[in-house]
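Shown next, in structure tokens, is the structure this report addresses.
Only the coordinates and a few stated rules stand behind these numbers; no lab work does. What you see is a predicted model, and the numbers here were worked out from it, not measured in a lab. Every residue, glycine among them, receives a Cβ derived from its backbone with ideal geometry; neighbour counts consider all protein chains shown.
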């Protein structure tokens, strides 16, 4: 079974090359022996999600692979090495050493294979979420919703990519109500003036999303290695009102364990702000022990009231969607005053509140993640209003 899995993967990455090579006696290939350790190794890469295929059903998987075919899989794994854990990376390194000559000979042919396999790549997820809010201004306490996200990425040329994301949400408790569909990503990305440029509709999350975590119609330029910088400007209707939004973000790795971040946000709309709203945001994350991360952020605006927001928490491990049984827990304190946040990561559920959130996530099966959380807090400007918020959700990735 492992050998067949590896052979099928080889077919989808190397079908066109293999077909040409087999038709050319002047360029022969040597078969990898049927019981060679490479077959087991490649199967492990597939299980880890580092390699995947684009099959069309034409390959029957009834013969061994050549070393050239095996090398195409390894090249793909090397390109996706950021997805690999330490053990998987060791497997990739061992395969790369074994097939070093073939990898050197591949050169741009691997890129050509990817282009022939398909110019548009898709990914997405389905999420089923239950929320229960003991304090909700509209009287509703619980809801059950399903959401589909489908993303597509198409190469325009060697440098530029077109991207889109379609999203559909359905209320599962009240058929026909609260349903919504939208395209919330629609942009092109590529190098321009020494920076990575994005034009169109995209998502932006400065620092850790305490102030802003939503979509934007506009432009973004990212540059810098040691001091990572991002300049963003556009229009947002995250709160139902068209707002002109601009931000400057800076990020710096102070050490292998610690990252520092800051951002300046400017929001303008003459019917909402007398002039404009300026918000400064600072944050850091630091690995304080094995599998334990401390993360905190602080934001302050030039508004007269409700001008401060902050959060701090500890995160232990974390569910990795490719690793069954992986899990994580976290706990954090939040205080989100209205005039220091605009479209925060925690949405409208926590804005105007302070309290403690605890959560847990767990990978049920590869690409299936369960998450639950609980928030206990109070309204900042009326502490007699307690708030308890529960969430449970399952996500399916593809």
* What is the fewest-to-most order of 90, 290 by other Cβ atoms lying within 10 Å of their Cβ? -> 290, 90
* To do: With a/c under 1.5 counting as rounded, go ahead and sort segment 120-397 into rounded, prolate or oblate using the C-alpha gyration tensor (a ≥ b ≥ c being the square roots of the eigenvalues; past the cut-off, prolate if a/b is larger than b/c, else oblate).
  => rounded
* To do: Taking the Cβ of each residue in 74, 241 as the centre, tally the other Cβ atoms inside 10 Å and list the residues starting with the fewest.
  => 241, 74
